[in-house]
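Chemist: Sending over a structure as structure tokens; questions will come in a sec.
The values are calculated or read from the model by the stated rules, or taken from the named source; none is laboratory data. Fair warning: this is a prediction, and the values are worked out from it, not measured in the lab. So basically every Cβ, Gly included, is an ideal-geometry build from the backbone, and we count neighbours across all protein chains shown.
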Amino acid sequence: MTTNGATRAGLTVSGKPMSTPLQDVRTVSRRMVGHFVDNVIPCGTLPGDIISGDVTAVTRLCLELSVGMLDGHDIPATTDRLAAAAAGWAREGVPIDTILHSIHEGFKVGLDLIVANATAQDHKNLIDGAKLVIELLDTMSATVARAYVREHKAVVSEHHTAVHTLTSALLGGYPTSTMARECGIAVAEQYFVLALDIPKHPDERHPMLDGKVVARRKLRRLQAELATRCEESALALLSVDGGTILIPVSAEGDAHLDELVAGLSAAARVPVTATVVTATVAEVPGAADRAHELLDMVQRLRCVPGVYRFADLALEYQLTRPGPGRETLGSLLDPLDAHPELLQTLRSHISNNLNRQRTARTLHIHTNTVDYRLRRIGRLTGLDPTATSGLWQLRSALIARSFNEAQAAGEDERPDSA
């Protein structure tokens, strides 16, 4: 491709320049734009000023380039006007597939006009013309895609910075109305505040792989899934280990959060755990602290991955608050310290919803052995696990003891999900 203005012999059809049907640029461009609106479905939803402005101007530009090329001129290397239009459409949110589809539709219309009066004698010229058209189409498509992607990356970066700034302000309890206007992001009246735990991917510990790269890829997959499911409504501060997500409260309630977290787990390829607290904008900072306290408790209790709401964990939350009550509850199980198999049986029996058969299968023992161990627990602790009152106290003691054990093991130790 050259830019020195050199020309070569133009192509002809039926004895006339091949560019003849396209030389009335104004009329042909109107016809093409009308075709876009009627046949390229997304074009019909674009604002009128885009259709009458940029779309029409770029169509004329493409026609002028096509006419010049068919008349023997080289394709100009500089297509700044086309690139500038593509960048503008990226910032306005016009889908790139709509743009590229419109360009191809325009070439189809132009080719129809060119070959309308062609004869068999024009076969060679038509083949040469088709090659030139493909060359020009390649140049235009590449110019549009390059400019669009460059601008889109800039827009995404700006939006990410705005989301980060606004989310930090909400979590910090700072005034957000002015900031929201500056960022162009609407602030909801209420939010679901999610505290997220993202465990390590097995490949992060692989000795032959770069664990940091694996972790960043895991996070990018999760963020992409969050963006797909929540579009631009979710506000998030996330690292490779977890973080906080704010999702506007909707009329449908919080039932969709289970599906959302399941989707995030599938995307990250690790079992994500989340705790949820509902809060107004003013309550977001306190709700975030409470959600992360709940998440810490869920980890210490070695709960299965999933979504946990404050209402589901109110009793456990209260039982795990520091103080003499927690110490006293935990000490109820001291008689079992010398009998770890009994403590294991109690944990399994409660986690299996008091199902003796399931407990026996989990521990690989007979159901009669389960009954025998439960009776021994009752004799040693003075609390009957087969009676409602005794079971309630044993379960509460198990919660308090689990928390004490996790705390004694060290604040920095991350419990494994079981």
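Chemist: Residue by residue through the stretch 354-371, note down the ones that are out of contact with any helix residue (DSSP H, G or I) (no Cβ under 8 Å at 6 or more places or on another chain) and either at pLDDT 95 or above or surrounded by fewer than 13 Cβ atoms within 10 Å (Cβ to Cβ) (or both).
Modeler: His364, Asn368
Chemist: Just to check your reading of the model, which residue among Leu343, Leu257 is in a helix (DSSP H, G or I), surrounded by fewer than 21 Cβ atoms within 10 Å (Cβ to Cβ) and within 39 Å of the chain's Cα centre (by Cα)? Even if it seems obvious, please write down each step before you answer.
Modeler: Values: Leu343 fails: within 39 Å of the chain's Cα centre (by Cα).
Result of the check over Leu343, Leu257: Leu257.
Chemist: Does Val249 qualify as being farther than 21 Å from Ala227 by Cα, in contact (Cβ under 8 Å) with a residue 24 or more places away in the chain and in contact with a strand residue (DSSP E or B) (Cβ under 8 Å, 6 or more places away or on another chain)?
Modeler: Working: farther than 21 Å from Ala227 by Cα: no; in contact (Cβ under 8 Å) with a residue 24 or more places away in the chain: yes; in contact with a strand residue (DSSP E or B) (Cβ under 8 Å, 6 or more places away or on another chain): yes.
Considered against the rule, which asks whether it is farther than 21 Å from Ala227 by Cα, in contact (Cβ under 8 Å) with a residue 24 or more places away in the chain and in contact with a strand residue (DSSP E or B) (Cβ under 8 Å, 6 or more places away or on another chain), Val249 comes out as no.
Listed here are the residues, each with its yes/no results for (1) at pLDDT 80 or above; (2) farther than 23 Å from Ser19 by Cα; (3) of a type outside the set (D, E, K, R).
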residue	(1), (2), (3)
Arg60	no, no, no
Leu63	no, no, yes
Thr79	no, no, yes
Leu82	yes, no, yes
Gly88	yes, yes, yes
Asp97	yes, yes, no
Ile114	no, no, yes
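Every residue, every condition in (1) under 17 Å from Val67 (Cα atoms); (2) at pLDDT 80 or above; (3) charged (D, E, K, R), yes or no:
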{"position": "Asp122", "(1), (2), (3)": "no, no, yes"}
{"position": "Glu135", "(1), (2), (3)": "yes, yes, yes"}
{"position": "Val144", "(1), (2), (3)": "no, yes, no"}
{"position": "Tyr148", "(1), (2), (3)": "no, yes, no"}
{"position": "Glu151", "(1), (2), (3)": "no, yes, yes"}
{"position": "His159", "(1), (2), (3)": "no, no, no"}
{"position": "Ala180", "(1), (2), (3)": "no, no, no"}
{"position": "Ile185", "(1), (2), (3)": "no, no, no"}
{"position": "Tyr191", "(1), (2), (3)": "no, yes, no"}
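Chemist: Residue check, Leu171 against (1) crowded, with 18+ Cβ neighbours inside 10 Å; (2) closer than 22 Å to Pro285 by Cα; (3) assigned by TED's automatic domain parsing to the domain that holds Leu295, all met but one. Which one?
Modeler: Here Leu171 meets the rest and fails (3).
Chemist: Let me ask another. Only residues that are on the phi > 0 side of the Ramachandran plot and in contact with a His (Cβ under 9 Å, 6 or more places away or on another chain): list them for the stretch 243-293, please. Explain how you work it out, then say what you get.
Modeler: Start the filter on the stretch 243-293 by keeping residues that are on the phi > 0 side of the Ramachandran plot, which leaves 243, 253, 269.
If the condition is that a residue be on the phi > 0 side of the Ramachandran plot and in contact with a His (Cβ under 9 Å, 6 or more places away or on another chain), then Arg269 is the only one that fits.
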